[in-house]
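The values are calculated or read from the model by the stated rules, or taken from the named source; none is laboratory data. What you see is a predicted model; the values in this text were computed from it and never measured. Please note: Cβ atoms are built from the backbone with ideal geometry, for glycine as well, and neighbour counts cover all protein chains shown.
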Amino acid sequence: MSFATPLFTRLRLRLRRERLLARARRAYRGLSPLADRTGTIAPDAVVLCATIRNEAARLGHFLAHHRRIGIGHFLIIDNASDDGSAKALMAEPDVSVWSTRASYRRAGFGMDWVNGLLHAHARGRWVLTVDADEAFVHPHADTRPIGALTDWLEGQGLRAFGAMLIDLYPRGPVEGAVCPPGADPLTVAPWFDPGNYTIRRNATHGNLWIQGGVRARVFFADAPARAPALNKIPLVRWGRGMVYASSTHMLLPRGLNSVYDRAGGEFASGALLHSKFIAGLAGKAAEELRRREHHAASREYRAYAAGLAAGVDLWCPQSVRYDGWRQLEALGLMSAGNWA
Amino acid sequence: MRGRLGVIVLCHGRLTRAAALVRHFARAGVRVAVHVDAAVPEDHAGPVIAALAALEGVVLVPRHACSWGGWSIVAATEAAARVLLGRFPDVGHVLLCSGACLPLRPVAEIAAHFAALPDTDHIETHPLGATRWTKGGLEAERFTLRFPFAFRGQRRLFDAAVAVQRRMGLARRLPEGIAPHLGAQWWCLTRATLAGILDDPEGARLRRYFRGVWIPDEAYFQTLVHRHAREILPRSPTFARFDASGRPHVFHDDQADLLAATGALLARKIWPGAEGLYERFLGDPGPAPPADGRLDALLAAADLRRAEGRAGLAAPGRFADRSGRAPTARPYGVFCGLDAEARRAAAAAGLVLHGHLFDPAGAAFAGGGMTGPGALPAAPFWRDYAPADFLRNLIWAGREGTQAFLLRAADAGAIGPILARDANARGLVVLRGLPGEEALCAALRAPAARHAIALIEARAFDADPARHIGAALAALGPEPAGGGAR
């Protein structure tokens with residue numbers, strides 16, 4: 001942390017971090033292990049952590065994609081699924097599952113569970129924290145596994161790696177993009193917005209705040225300040241005293257948020273392909289509205305429900321079809337930095 | 001005297017690949033001295049060492065703890081060299097490798113290469129001051145300052161110690177009889193040269209001095225070789241490159257062909273998981289392709305991307321608020337007060353001309369859609385939420401051509417100061433005495449303004465419109481070559 005930061009701010013961040021750490025310890029005690037296979041994790045494995053709820057249809061592809069990029073073990077928190085998600089996960093040999101029926105909202109939108117689990121099982125490891133509708137893409141993903149990236153980051157003396165959420169969508173009505181269970185949602189929803197992103201810097205926490213993409217364009221065009229944040233720091237070498245402070249948008253201590261260059265150069269960064277907009281979202285939006293467990297009184301889900309009911313087409317003439325990490329790098333949405 | 005090849009392998013960290021390398025050399029009849037960093041935990045190192053010690057022609061060296069940038073690496077190298085030369089009198093050349101090195105050619109070919117030049121030392125060695133060899137950081141001061149703190153781990157103290165010595169003008173005196181040289185750590189020396197260095201009558205004095213030099217593994221042999229060599233080929237046999245921050249570039253499976261075409265005999269640093277590289281180069285690497293500079297070019301491009309980035313890009317890894325560079329990717333045209341003339345001229349010049357991008361009702365993109373370049377929404381809220389981002393996105397997304405837009409003075413409130421600070425803003429403002437012009441003029445004439453937007457009275461413009469528009473278009477420069485993007 002910079003010495004230029006006012007003492008008061010440093011103190012406030014420190015207190016917040018201690019509070020989050022205490023919450024994490026408490027939250028971890030509230031998780032019941034359904035399948036704890038953490039003893040089988042290889043010493044240098046990169047692990048993935050996710051909180052899920054009723055994702056049975058997505059899990060097949062979610063696991064397959066992240067196994068393919070080289071994830072060695074999955075740490076999953078099941079938040080009261082009733083569609084068999086937990087049972088399906090328990091049958092997988094490289095997955096450990098915990099369950100809780102507690103409130104997602106009151107657990108810091110799941111982050112208390114994640115922080116608790118990572119402190120209990122992932123210290124000293126590289127951890128990828130994502131949602132079930134996200135697929136991590138790193139530079140050279142077509143030829144090098146994620147372990148090559150984490151070894152390189154380690155060699156560079158870096159402890160965290162940034163990635164941007166890329167919202168994908170279909171052409172035509174969202175409810176028409178039917179993704180069979182276990183299939184790759186990219187096959188039905190491969191489009192994204194190539195270059196309408198605003199980027200600011202949060203001076204207190206030192207992270208970037210990125211907004212834009214299809215959600216901003218279609219659902220928040222008249223209320224830009226409320227558009228969802230797309231900046232994430234999903235890959236971290238987990239260590240003592242660390243916490244995710246707000247989803248995976250920022251970490252404390254805040255030095256971990258410096259995953260970008262300010263002098264004009266490019267840090268290596270990745271992307272999270274976000275396949276929210278496929279058939280089934282309307283039902284999900286309705287349910288989340290009823291549960292009121294999401295951010296900002298579920299304003300986001302209200303916007304989706306309204307738009308989806310109207311059969312809105314998210315596609316526009318400038319939409320681009322996803323074609324791999326090199327395409328995202330050419331567009332400037334991610335970068336290999338100096339990882340040649 | 002023709003002799004066998006001897007290899008010193010310095011091992012740190014993960015030993016599986018290093019062990020495979022040692023076996024590979026030993027199988028080919030090469031003599032190997034293995035040094036395992038004492039910092040490698042015993043439960044990992046013990047079994048590997050025991051297995052290697054049983055191999056014919058392999059000798060283990062007493063373990064030193066090696067710290068980066070310190071003398072211990074040279075000490076370990078010298079210890080290994082003594083053991084190797086003492087144990088195997090038939091060794092003619094000694095090649096220094098690390099456990100992360102990989103031979104790019106068959107071992108027999110490498111051995112024959114050195115044996116064909118029995119009196120030649122292969123070592124990169126640059127006299128201090130000729131051309132800068134290091135990438136940033138200290139160079140001559142490596143020899144003249146003292147370094148009581150570790151660069152990695154005690155960085156603040158390290159920097160402070162350097163600053164204090166500079167301010168006080170402190171400098172160590174160079175010992176007599178040497179001219180400081182620097183070069184890559186990986187070399188191949190003749191028995192005679194290496195023995196000369198090990199048994200140098202001045203050795204004790206010189207070692208005492210080099211103990212205090214920073215990163216002596218890039219200075220000790222590179223300097224002392226000049227006291228003992230008969231013939232020096234000043235090039236490392238190993239392709240190894242550092243990035244701008246001084247960390248070694250690491251090679252992966254997808255770079256196999258590029259590595260083969262470096263023309264080097266060995267390469268470093270290989271990622272331990274690069275199964276394909278180990279399979280290919282420890283198997284049959286095939287005939288050597290003609291050497292080219294593709295890998296060096298690739299690494300240089302990566303270093304440049306890290307150091308300078310792409311102009312006009314804001315991205316998750318690049319937030320260039322401290323770069324002092326133009327916020328946009330390339331020059332673009334701004335035309336204020338001359339809609340009809342600008343439309344005609346832009347069409348003739350092949351520009352992408354948008355309408356009134358900053359119209360309060362919404363952005364009028366070329367083509368008139370609800371969305372513009374990069375999928376920017378035409379709705380005014382998003383544009384007015386972050387006008388600088390809107391402009392940057394527009395120019396970035398359309399950087400394969402030259403873009404221009406119309407501006408009404410009355411619409412320029414928010415964007416005027418942004419245009420004024422952007423050196424890529426080119427064009428023409430024709431003053432007709434309309435609302436908003438005064439504020440726009442003030443913004444464009446501000447002392448901090450870096451743009452090339454000409455302000456001109458309507459009378460002068462009406463008298464000679466073609467000349468003024470021509471000058472504004474000329475300021476946009478030629479179309480970007482090859483699309484300008486990548």
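Let's see how each residue does on (1) closer than 30 Å to B:ARG146 by Cβ; (2) touching a strand residue (DSSP E or B) at 6+ places or on another chain (Cβ under 6 Å); (3) touching a residue at least 12 places away in the same chain (Cβ under 8 Å):
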| residue | (1), (2), (3) |
| --- | --- |
| B:ASP37 | yes, no, yes |
| B:ALA51 | no, no, yes |
| B:LEU84 | no, yes, yes |
| B:LEU95 | no, yes, yes |
| B:PRO106 | no, no, yes |
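Scanning segment A:47-96 for residues that are assigned to a loop (DSSP other than H, G, I, E, B) and of a type in the set (S, T, N, Q) returns A:ASN54, A:SER81. Considering segment B:271-303, and only residues there that are of a type in the set (Gly, Ala, Ser) and part of a loop (DSSP other than H, G, I, E, B), the residue that is nearest to the other protein chains (Cβ to nearest Cβ) turns out to be B:GLY273.
Taking segment A:176-197 as the search range and keeping residues that are within 19 Å of the chain's Cα centre (by Cα) and more than 16 Å from A:CYS316 (Cα to Cα), which one is farthest from the other protein chains (Cβ to nearest Cβ)? Ranking the candidates gives A:ASP184 first.
Every residue, every condition in (1) more than 27 Å from the chain's Cα centre (by Cα); (2) under 28 Å from B:ILE456 (Cβ atoms), yes or no:
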position	(1), (2)
B:ARG268	no, no
B:GLU275	no, no
B:ALA291	no, no
B:GLY309	no, no
B:GLY312	no, yes
B:ALA347	yes, yes
B:GLY362	yes, no
B:GLY367	yes, no
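Tell me, yes or no, whether segment A:248-256 has at least one residue that is in a loop (DSSP other than H, G, I, E, B), polar (S, T, N, Q) and at pLDDT below 95. Checked segment A:248-256: no residue is in a loop (DSSP other than H, G, I, E, B), polar (S, T, N, Q) and at pLDDT below 95. Taking the stated definitions as given, is B:ARG306 in contact (Cβ under 8 Å) with a residue 12 or more places away in the chain, outside any loop (DSSP other than H, G, I, E, B), facing another protein chain (nearest Cβ under 7 Å) and on the phi < 0 side of the Ramachandran plot? Taking the combined requirement at face value, the residue satisfies it. Residue count for segment A:258-278 under the criterion of being within 14 Å of another protein chain (Cβ to nearest Cβ) and either over 18 Å from A:PRO190 (Cβ atoms) or in contact with a Cys (Cβ under 6 Å, 6 or more places away or on another chain) (or both): the result is 13.
Table: residues versus (1) in contact with a Lys or Arg (Cβ under 6 Å, 6 or more places away or on another chain); (2) of a type in the set (Asp, Glu); (3) modelled with pLDDT under 95.
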site	(1), (2), (3)
B:TYR209	no, no, no
B:VAL225	no, no, no
B:HIS228	no, no, no
B:PHE239	no, no, no
B:ASP253	no, yes, no
B:LEU266	no, no, no
B:PRO272	yes, no, no
B:GLU275	no, yes, no
B:ASP284	no, yes, yes
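Taking first residues from segment A:67-88 that are over 24 Å from A:TRP126 (Cβ atoms) and partners that are polar (S, T, N, Q) and crowded, with 17+ Cβ neighbours inside 10 Å, the Cβ contacts under 7 Å between residues at least 6 apart in sequence or on separate chains come to A:ASN79/A:THR51; A:ASN79/A:THR100; A:SER81/A:ASN54; A:ASP82/A:ASN54; A:ASP83/A:ASN54; A:SER85/A:ASN54; A:ALA86/A:SER99.
Can you name every residue in segment B:385-406 that is surrounded by fewer than 22 Cβ atoms within 10 Å (Cβ to Cβ), assigned to a helix (DSSP H, G or I) and without any contact (Cβ under 8 Å) to a residue 24 or more places away in the chain? Within segment B:385-406, just B:TYR385 meets the criteria. Summed over segment B:358-378, residues that are assigned to a loop (DSSP other than H, G, I, E, B) and either under 13 Å from B:ALA397 (Cβ atoms) or within 13 Å of chain A (Cβ to nearest Cβ) (or both) total 9.
Residues of segment B:281-322 that are hydrophobic (A, V, I, L, M, F, W, C) and loosely packed, with under 13 Cβ neighbours inside 10 Å: B:ALA291, B:ALA297. Each residue in segment B:332-355 was checked for being crowded, with 23+ Cβ neighbours inside 10 Å and modelled with pLDDT of 95 or more, and 6 pass. State whether the residues of segment A:305-312 include one that is farther than 25 Å from A:TRP191 by Cβ, among the aliphatic types (A, V, I, L, M) and crowded, with 17+ Cβ neighbours inside 10 Å. Within segment A:305-312 (the criterion being farther than 25 Å from A:TRP191 by Cβ, among the aliphatic types (A, V, I, L, M) and crowded, with 17+ Cβ neighbours inside 10 Å), the answer is no, since none of the residues qualifies.
Would you mention how many residues in segment B:432-453 are part of a strand (DSSP E or B) and either at pLDDT 95 or above or crowded, with 21+ Cβ neighbours inside 10 Å (or both)? Result for segment B:432-453: 1.
The rows are residues; the columns are (1) farther than 24 Å from A:LEU328 by Cβ; (2) charged (D, E, K, R); (3) touching a residue at least 24 places away in the same chain (Cβ under 8 Å).
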position: A:TRP113; (1), (2), (3): yes, no, yes
position: A:ALA120; (1), (2), (3): yes, no, yes
position: A:ARG123; (1), (2), (3): yes, yes, yes
position: A:GLU134; (1), (2), (3): no, yes, yes
position: A:GLY147; (1), (2), (3): no, no, yes
position: A:TRP152; (1), (2), (3): no, no, yes
position: A:LEU165; (1), (2), (3): no, no, yes
position: A:PRO181; (1), (2), (3): yes, no, yes
position: A:ASN207; (1), (2), (3): no, no, yes
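Give me the residue from segment A:200-257 that is at positive phi and in contact with a Lys or Arg (Cβ under 9 Å, 6 or more places away or on another chain) and, out of that set, nearest to the other protein chains (Cβ to nearest Cβ). Filtering segment A:200-257 for residues that are at positive phi and in contact with a Lys or Arg (Cβ under 9 Å, 6 or more places away or on another chain), the one nearest to the other protein chains (Cβ to nearest Cβ) comes out as A:GLY206. When segment A:282-340 is filtered for residues that are more than 14 Å from chain B (Cβ to nearest Cβ), free of Cβ contacts under 8 Å to residues at least 40 places away in the same chain and assigned to a loop (DSSP other than H, G, I, E, B), the ones remaining, listed by number, are A:ALA310, A:ASP323.
Within segment B:116-137, the set of residues being more than 12 Å from B:GLN185 (Cα to Cα), among the hydroxyl-bearing types (Ser, Thr, Tyr) and either in contact with a helix residue (DSSP H, G or I) (Cβ under 7 Å, 6 or more places away or on another chain) or surrounded by 13 or more Cβ atoms within 10 Å (Cβ to Cβ) (or both) comprises B:THR120, B:THR134.
One residue stands out among those in segment B:246-262 that are more than 7 Å from every other protein chain (Cβ to nearest Cβ) and surrounded by 19 or more Cβ atoms within 10 Å (Cβ to Cβ): the one that is farthest from B:GLY183 (Cα to Cα), which is B:GLN255. Each residue in segment A:313-339 was checked for being exposed (fewer than 15 other Cβ atoms within 10 Å of the Cβ) and in contact with an Asp or Glu (Cβ under 9 Å, 6 or more places away or on another chain), and 1 of them qualify.
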